[in-house]
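Here, each number is a calculation from the coordinates, and none is a lab measurement. These numbers come from a predicted model, not from an experiment. When we count neighbours, we look across all protein chains shown, and the Cβ atoms used for this are built from the backbone with ideal geometry, even at glycine.
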Amino acid sequence: MSVVCQHFQRSLCTLGDRCRNLHQYLHPQTVCQNELILRGSCTRGDDCPFSHNSDDLKKAIPKRPHPEGGGSSTPNNLTAICRYYQEGRCSRGLDCSFNHPHIPCKKVLRGGSANCSRGARCTHSHNPLTIEANRPRDENMWLRTGNDSCQMASSMSPVKVCHTYQQGRCNYGVKCSNAHPTFPCQKELQKRGSCPNKVSCKQSHNHYILDAFKTSPKVNQPTAMLSDSVTLKGCNLFWLKANKSVLYRKLNKRADSLKTWDELGGMAKTYGVELDSDFTRDSSSSMENQSSQKIIIRGFSEKVDELKKLLEKQDRLLNNFQKYEERLIFADAPWVEHLWQTNRKKFESVLTSEGTNALAWWDIVHPTDDGRGDTAAALSNDPKSMTMLLASAKIDKMELNVGFTTNIASAVADALIISCGPYMTLEDGVAQEICDWFAPIREQASAAKRSKFGHGPLPECEFVPVHPPPDQQESARTPLIICTYIPMAGNDDDLNVAKMQKAIGKALQYIVEYNQISDKDMIKTVAMPLLGTGRFGYAPRTAAKAVLEEVICKASSYGLTRLNLLDQRVEQLEAMKSEIQQRVSRCGSVFNLTELPVMEVHQPGWYYFVGKVEGGNSQNHDMAMQSTKNPKHCIMKPNGTWFPLMEDVMGKVEEAFQLYTAGNSQLNDVVAIDGAAELPPGKMSFIVDNPKYLDGVEYEVRFDCSPMKQKNTRTGFERTVMRHEKALSLKRPDFEAIKRTLDQNSNQVRKHVSDKVIGISYLALDKNSAKDAIYAVQSRLKEMFDVQKVCIPLPEHVLSTDEEIRVRSMLTSCKVAVEVKVNGGISTVINLTGLPEHVDMAKQKVLQSPLYQLNSTYAFPDTWNSTESSRNVLVKVGLSSAEYHEVAAKFYRGFSSAEIVTVQRVENVLLYKAYQGNARTLRERYSVNGRCILKPEQLVKELWHGTSQTSPEAVVLSSSGIGRVQTSMWGPGNYFSTTSAYVGKHSAHELSDGSKQMILFEVMTGLECELPPQESLKKPPPVQSDHWVMDLFGQGNAPPNLTFDSVTGLTDGTRVYITYSTGVAQQYPHYIVT
């Protein structure tokens, strides 16, 4: 009897009629029911008498009615799985004639649809919405123990239904310990919120599950397809394409309001809409082309419009989220700029890679241009204010700017320093906007003063910090305002300077202390007017001298990145410009200067009269004469004196008077027509500090009486006031000319700003991601391009500010980052970071500079012939000297079979100085309370080294010692041996006559780490917290991020030591032995 052809069963038979086996069935009209439901599910395989042939199975399956046709009454659980449902685009819901599995596929949950080999045929759900409803928000949650929680949650189930899941907010997904019902609640499908059981229902209320099973209404859809597009910010689309679990880690609950690209794609499939975005973040396209991205949507018009609105909503949501930016400015790291210019493709690849890892969007930083000039936006964030940069300089790492502004309240700064009176009355050119902001929180400021100084006045040179309210909106957030009380100026200019410096110094020191303890954003930028030059009576040149001396001398200790000195008063601006030019030019620093357009105006003066005799004595007149800043401005009369009002008060009185007179003029016209109108205000008031009253004394000036009067509102005492036309000739900013200058500068900047790049930035949704990305980029670049860091110590000298500026100016062309560290006020270390060739150039400049030569004092070996700074020679050691025998004894100790020909002493002064400086730094690192916790033999060892193909002479006479990095068993490093025999066998330099040479080094091995061979090793590992050296340091004394100084191990029976520094004098070559 013939059997059924197995190949025919699988639709693979190629013999046709020539086949000896049957191409028919015992029951030809019947196909295998198991195969009909799910291909591959029949356990009888080739022995099954029913048809497994794909053509027969297709004929047996009913014609699929949807998405456009009618339905079927066949129950869901008896038919094949719905492919459209698995793809997330079935519109029939529970009415579908095919099975909709509701238990999520675990493979898809872990790795996406591609992770499940059965695809749409899988008996578990692949629907994107079902998957999203049960996906753990964090990969660590997969480690939770227990069975998967997705179940029907029958009434007999002892497991509690997860209420958070029912609300669509469970972070644990399928690994939750509570039940996650996955079959939709019928009542919720009909109308959301209609189920009386609410979140305790045994069927699912999760909005993802309900959307997956909902039935789309039948509509008369047009036959033509619609194609539309929506433009999203490149950064927003970048974040939308992130994994939802990553977004939860960055945004916490805010991620609930977002729909990721995967979710939007699932919805698009459900709608039958095609969503297309070819967005990829790589270096093939410029940043300018990636700032915005177009998304194409194709489908029926209703669904296209719905999806478009949803995409626009995501863009708006992300725009409203708070962003955190971190910048890497090329001026701070010139080696980074060099890599950007010479290796941009690799650079951008690193930026993209690290940005993806940190979920941070990178961009390039151009010189600022907002229509107000090249750096206007660096000074002010108010486009309506007129802001002009007049002078700028770089002091240490701080940018110092002097600028004109019409509104200091809009200054771009983390903190504002302003002057106030002893009772917190704001003074000295403070913008009205600051006063308006200060008024509602006056009680808060007064409380801050009382908690610090009690109910009395502020002590001289003290301050009160007024922090912004914690519940303030980020978009309207005001900076920290430091109100500092500068006492009235006296006749001694030196004493005035000291008072001013004390007040400014205390305010800036508070910022330093705030940054040390704050877990929020640190204060890096500060703005202030020229304090003390208003009613406090300080001459502008004196105040400018005091401020700049304090700032320049202590710039590095304050840790600020930018200080903006902003004012709108001409005399004050000229004083600051002149002082900064004089001080910075002496240091050789880069300085930019712009002239402010000014005009001479004649302004009315306001005066109050004090009689020579009042109340029977001259006390009032004498006090008024003593307090006036310039008696020349007074108008003397036989019976008394007209004294000018304070300058800032005079301007406010004149402004109020002009409003009053203009209002009266308009009033006459209104009365003539209407017969009635409201009178304009005929008075104005101002406050002056007074020791008798906490809130000061309010004075009222009345214009609606003749003569005009000034009244003390507390005592009721009145004085006569007069207005003297054109009494004052003053310099004022020429606003029209300033506007023309800004427009010209703006046009010039726009021509070049698109091509000039001054740095790169990262934008992130949380505080740490942008910082982490910047750090990771620098680390990757250092590793890829072998960036080196060289330390040049000055053990007994502390660089002054002028000396530091000269060093930085000298190294401007070397393309290296310069960092100056002062250790305990007794020594200085100059750190140079950059590519090897640039670091070598910069190092030579420093070592050969007079500054280094005059301030580096060292003790040299007694055997040296000379210690002149330029000395760099080899000296032959005499055979009969004790020095020769000492070296020979060390050599023969491990190599008795060899014979010494010559011993040469190395006298390399610059290298020995660098080595000694680093040795002192090493000892300081392992010192507690001035005592080194390591023994001398632990810090330094005498070891042998072979240069192989390189001449030892070239090595020992270089400025950095070992310059060649070897690759061996412990990775690329500098290898040293405890025995001369090992070097003679493996790495000694062989001369033409067959003799060999090696070098005896003194090596700073420091804290060593013993490791087995590791070819991938690139630097010593960090020191473990339980290492014995931590006990020697004691609690809290160990340096942060302490690493081992060298690595040691055994090879060929010999102990070797490896150092990994390049360009750093961690070892000194004392002798060449031939």
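At-a-glance table
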item: Partners for Lys683 among lysines (Cα-Cα distance below 21 Å; same-chain residues under 8 apart left out); result: Lys652, Lys709, Lys711
item: Under-5 Å amide H pairs with Ile395, H placed in peptide plane, nonlocal only; result: Leu400
item: In order through the stretch 167-182: 3J(HN,Hα) via Karplus (6.51 cos²θ - 1.76 cosθ + 1.60), integer Hz, x for Gly, Pro; result: 8, x, 10, 6, 7, 8, x, 5, 8, 5, 6, 9, 6, 10, x, 10
item: Counting all C-alpha pairs of the stretch 788-857, share separated by more than 21 Å (%); result: 16 percent
item: J(HN,Hα) series, the stretch 450-456, from Karplus relation 6.51 cos²θ - 1.76 cosθ + 1.60, nearest Hz, glycine and proline x; result: 5, 5, 9, 10, x, 8, x
item: Cross-link partners of Lys554 among lysines (Cα-Cα below 16 Å; sequence separation of 8 or more within a chain); result: Lys394, Lys397, Lys502, Lys506, Lys524, Lys545, Lys821
item: Cut-off under 5 Å, modelled amide H: who pairs with His989 long-range; result: Thr947, Ser948, Gln997
item: For the stretch 501-514, Karplus couplings with θ = phi - 60° (6.51, -1.76, 1.60), whole Hz, Gly/Pro x; result: 5, 5, 5, 5, x, 5, 5, 5, 5, 4, 4, 4, 5, 4
item: Non-local Lys pairs in the stretch 861-1073, i.e. 8 or more apart or on different chains, that have alpha carbons under 28 Å apart; result: 23
item: Charge dipole (the stretch 923-1074, unit charges on Cβ, about Cα centre) - positive-most of Ser987, Gln1035, Val1047; result: Gln1035
item: Furthest towards positive pole of dipole, Ile792, Val818, Ile830, structure part the stretch 788-857, Cβ charges; result: Val818
item: Amide hydrogen neighbours beyond the local backbone of Thr902, cut-off 5 Å, H modeled; result: Thr1074
